[in-house]
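Below: the structure, in structure tokens.
What follows is calculated from the coordinates using simple rules that are stated; it is not laboratory data. Worth saying up front: this structure is predicted, and the values here are computed from it rather than measured. Neighbour counts are summed over all protein chains in view; Cβ atoms, including those assigned to glycine, are modelled from backbone coordinates with ideal geometry.
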Amino acid sequence: MGGKQGKGSINKKYCQNSLTTDEPISDEMEQKTETSNSVSTPKTAIVVGAGARGSGYSLYAKMYPDRLKIFGVCEPREFQRTALMKAYGIPVENAFEDWKDAVKRKKFADCVFICTPDRLHKDPAVAFAKKGYHVLLEKPMAVTEEDCKEIVSTCKENHTLLSVCHVLRYTPWVQKVKQIIDSGDIGDVVNINHTEPVGFWHFAHSYVRGNWRNKATSSFSLLAKCCHDVDLICFWMNKKCERVSSFGNLSHFHKKDKPEGAGDRCLSCPSNIEENCPYSAKKIYLDSVKRGCKSWPTSVISDIVDIENVTKALQTGPYGKCVYDTDNDVVSHQVVNMQFEGGATCTLQMVAFTQKICAREVKIHGTKGEISVKDGRYPPIKVFDFLTKNTTEYEADCCIVPGLSGHGGADYHTVEAFVDALHNPDTDTIATGPDNTLTSHLLCFAAERSRLENRVLNRNSLGEYE
């Protein structure tokens, strides 16, 4: 079986304008770095929600101060609010505990980064859009169909940009796959099989103990975890989904699965039980700190990451609870079946119980060949040609940026596209704008309804599923 290298080679270079000096970057970023000293008026942003995502996206302003300036912050937690103020020199008058106080003022920035918890997306997005602010909105857009539609209609009515952070759309391998599909090399796409391996301890962290564990306080897990996977599928198919069905379940993380004699918290659990539990908070957090790791996920549970403070967090907070003793109710595994115009089909699988963490695996079957993707592998993409029986391997150009390296550099590209649109309103740089984001969100809501109601939903002439 023949093989050859694709055209998208990874060119590792080093950025002198980044936060560190040992991270590889792309030619695109190097060119932008070379022109970063040119005279320019930066666009200004207010960060609404200064947690991991808000503070992460803000790093773009550190790298390109001529293009973006963090000019305000809305954050109820003093530690996070103060940290962002210090990092970007935000004046006291532009720092707010409540975003509602900021929106009462006369418009004083160009845009907002809305990175609040899922259920707190809609209100600030609508309020700031009405004041004329352009909106970068963390995914999911909102947790109900009605709220998503209101955000979209408000942004359109007020002629404000809306970019939803479906960051995977900007991932280099995702773009490469789209190029291959559009080239016609594999013929017509007839089926996509897409797997999202959440990761066993990641699921325990985020969806059993963490912020997304309960539908009433957050959202259902398909929307929270896989709305951008649904977006990718729609992007690759480039057709309307006509029918959808779904099945799923919450397995294992129930009180009935708790080992006899186990404690309510990992720190008080008998050692013979805790040592044999793969979901032990001691293993996930304390052992990580002992190894010198102070980043995610440990940074989520304590403002100050050291043994003393992390131990206290595990003794008193939700992340120290036994995984069989929380109020979690979101499913741990789900399958979504979709049929698109022309008959093409797709299966999306979300699975908690995996070794890999968010390293997607994709099979795209065409009439002339098939694409295989293993995210995290090198090279990530292989294309088999039915006629020649040759396999072509493709690399994916990547841009790894300190602080914005998440999702294979897609976090950087997401902010970059939004800032480009701010500076050049006539350009079409935002890949996940209002219409296509609403389409994929409505499909997520339909899939969850199908699961709950145990029936197939069909798309009507108005684009609704019934």
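Hey, can you rank 185-191, 438-444 by average C-beta count inside 10 Å, highest first?
Ranking, from highest mean packing down: 438-444, 185-191.
The packing ranking of peptides 348-358, 425-435, 63-73, highest mean first, is 63-73, 348-358, 425-435, where packing means the average number of other beta carbon atoms within 10 angstrom of each residue.
Between amide H atoms placed 1.01 Å from N, distances below 5 Å from residue 187 occur with 368, all of them 5 or more places distant or on a separate chain. 3J(HN,Hα) along the stretch 289-302: 5, 4, 7, x, 7, 10, 9, 4, x, 5, 5, 6, 8, 8 Hz, from the Karplus curve 6.51 cos²θ - 1.76 cosθ + 1.60 with θ = phi - 60°, whole Hz, x for Gly and Pro.
Working from Cα pairs under 8 Å separated by at least six residues, relative contact order for the stretch 346-466 is 9 percent. For residue 146 and residue 424, a Förster radius of 22 Å and the Cβ-Cβ distance give a FRET efficiency of 0.10, rounded to the nearest 0.05. Of all DSSP beta bridges confined to the chain, the antiparallel ones make up roughly 60%.
3J(HN,Hα) couplings calculated from phi for the stretch 154-161 with the Karplus curve 6.51 cos²θ - 1.76 cosθ + 1.60 (θ = phi - 60°) are, in sequence order, 5, 5, 5, 5, 9, 6, 10, 5 Hz; Gly and Pro show x. Length available on full extension from residue 293 to residue 182: 0.36 nm per residue minus the Cα-Cα distance, which gives 35.8 nm.
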